[in-house]
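Shown next, in structure tokens, is the structure this report addresses.
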Amino acid sequence: MSDIQSFRQSVEAFIAARGWTPTRFGRAIAGDPLFVFDLREGREPRSDTRNRILKAMQEHAEATGHAPLRIGVAGLGNVGATLVRILQKDGEALTRKLGRKVVVTAVCARSRSRDRGIDLTELEWFDDPVALAKSDGIDLFVELIGGEDGPALAAVKAALDIGRPVVTANKALLARHGVALARLAEESGAQLGFEAAVAGGIPVIKTLREGLGSARIERVYGIMNGTCNYILTRMGEESISFAECLEDAQKLGYAEADPTFDVEGYDTAHKLAILSSLCFGCEIAPDEIFVQGISRITQADIKVAGDLGYKIKLLGVAQRSADGIEQRVHPTLVPKTSAIAGVDGVLNAVALETDHVHELLLAGPGAGGPPTASSVLSDILDIARGTKVPPLGVSSHELTPYRQAPMRAHEGGYYIRLNAKDIPGALAAIASRMGAAEISLESVIQRPDLRVTDSAGDGVQTRTVVLLTHSTMEATVRETLAQIADDGFIVGEPQLIRIETL
């Protein structure tokens, strides 16, 4: 958000909170009765004028005793500690923008003795997040505990039950209980903010809820997990294995000790389920997503993709179709010339395809303390300004039931890697099966440097064969690969990666 946009919001929030007319604000604060009217018509006052008016708003709030917004933070990990640090450091600047103080007054975490690099001596400490959520000493509850159930769910429900606004970064909680929590928030009149739950510091939730007007979204896709993107980027740039990249990611703190949730695609699936609800006005359906991770990606796959002009990315993709909504998470070959192919390292990106603005790509830091805390703070400031929108973009009662489109009807090109037995007739039999299924092959690649498996286990050597198909139906590809496996000419499970034309 630009300084001008932030200033306009601050002025409007100040007026709304006090029930003033624009003329009264102009005379009392700006020194010009027409100031607000001109501002609404697009006037952009100079920075010194904005600073003077923001200071006058702050002084008025202090003189009239406008109550501060008191925040309780549950969870003091990397994100929680960073949020407290930002609010303590930038409190004065935020007060000038809002005309109201925003202060952390209470916290909750498992360990009181841990050094988090922040001053907690003046804050009330709670051992129970539910007690913090219900405390009369806070006006807004921030949940940064994590987990789809347990204390996180209980505390968020406790706050919403009494009409207390909630901000959370918990994608697992929202993927599992988002519709119920949105309904509870609407019934109690509380706001529920979760900008930080998807793509860290990228304002994709705000864009979907407030920024696109009547634009109809046809497809949303993106890179939504920094751990996977880091691993695939390193594999491509340094020609090292998945296992080596994962080990480095763990040492650098990009991957957990148990990385399954990230590398097998479940983290991306939770985020995609939330985005699908916002994009298509449907109920959140985390269990209706095809999920495949990146642990089977090899250097052979990376090399062939690169030689053919592609990069491999773990994408979450959701799109409308005549049969319903298709949601899928899987490794994907994307053209090197596409915008999303340039999103490397721990960065995230979300692309929206709409009827009005065509394709919109939002990219930036997807994880880490400062980016995620920044998104949490964005929700806090919206609540402080009095901004109110339905949590899922429309009333929870207007969400349509999720109708799953058949994943295996997906049509496109495919990358197939097989370990074929090095015996007479093997390749001919594979090609025959492909031809019988009317699968047109764009290319067949055999190179010594692509060997993945040396032996079939029975003394028979294998050769690694890569097939690229033209557009075909996924169901057809899978049925044909099953038949090839039954013929006994291949070893192990074939590698199947979809090709997206982005």
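Here Thr354, Thr387, Thr372 are screened, and the one residue that is hydroxyl-bearing (Ser, Thr, Tyr) and either free of Cβ contacts under 8 Å to residues at least 24 places away in the same chain or farther than 24 Å from Val79 by Cα (or both) is Thr354. One residue stands out in region 33-79 among those that are within 33 Å of the chain's Cα centre (by Cα) and part of a helix (DSSP H, G or I): the one that is surrounded by the most Cβ atoms within 10 Å (Cβ to Cβ), namely Val79. Does Val304 satisfy being hydrophobic (A, V, I, L, M, F, W, C) and at pLDDT below 95? Against the criterion (hydrophobic (A, V, I, L, M, F, W, C) and at pLDDT below 95), Val304 qualifies.
Restricting attention to region 197-230, the residues being under 23 Å from Asp379 (Cα atoms) and hydroxyl-bearing (Ser, Thr, Tyr) number 2. All of Asp248, Asp287 fail the test of being without any contact (Cβ under 8 Å) to a residue 24 or more places away in the chain, within 23 Å of Ile217 (Cα to Cα) and surrounded by fewer than 19 Cβ atoms within 10 Å (Cβ to Cβ), apart from Asp287.
Scanning region 180-220 for residues that are of a type in the set (A, V, I, L, M, F, W, C) and part of a strand (DSSP E or B), we see that the one that is nearest to the chain's Cα centre (by Cα) is Val220.
Among all positions in region 464-475, there is at least one residue which is surrounded by fewer than 18 Cβ atoms within 10 Å (Cβ to Cβ) and of a type in the set (A, V, I, L, M).
Considering (1) in contact with a strand residue (DSSP E or B) (Cβ under 7 Å, 6 or more places away or on another chain); (2) part of a helix (DSSP H, G or I), the lone condition that Gly435 does not fulfil carries the number (1). When only residues in region 86-131 that are in contact with an Asp or Glu (Cβ under 9 Å, 6 or more places away or on another chain) and part of a helix (DSSP H, G or I) count, which is surrounded by the fewest Cβ atoms within 10 Å (Cβ to Cβ)? Selected residue: Gln88. Within region 1-32, restricting attention to residues that are of a type in the set (Ser, Thr, Tyr) and assigned to a helix (DSSP H, G or I), the residue that is surrounded by the fewest Cβ atoms within 10 Å (Cβ to Cβ) is Thr23. Out of Arg70, Arg85, Arg96, I need the residue that is out of contact with any Ser or Thr (no Cβ under 8 Å at 6 or more places or on another chain) and modelled with pLDDT of 85 or more. Which one? Of Arg70, Arg85, Arg96, the one residue that is out of contact with any Ser or Thr (no Cβ under 8 Å at 6 or more places or on another chain) and modelled with pLDDT of 85 or more is Arg85. Residues in region 451-471 that are more than 13 Å from Ile423 (Cβ to Cβ), modelled with pLDDT of 70 or more and in a loop (DSSP other than H, G, I, E, B): Arg451, Val452, His470, Ser471.
Here the condition is being under 25 Å from Glu359 (Cα atoms), touching a Cys at 6+ places or on another chain (Cβ under 6 Å) and touching a residue at least 24 places away in the same chain (Cβ under 8 Å); of Ile223, Ile217, it holds for Ile217 alone.
The values are calculated or read from the model by the stated rules, or taken from the named source; none is laboratory data. Note that the structure is a prediction, hence the values are computed from the model and not measured. Here Cβ is always computed from backbone atoms with ideal geometry, including for glycine, and neighbour counts include all displayed protein chains.
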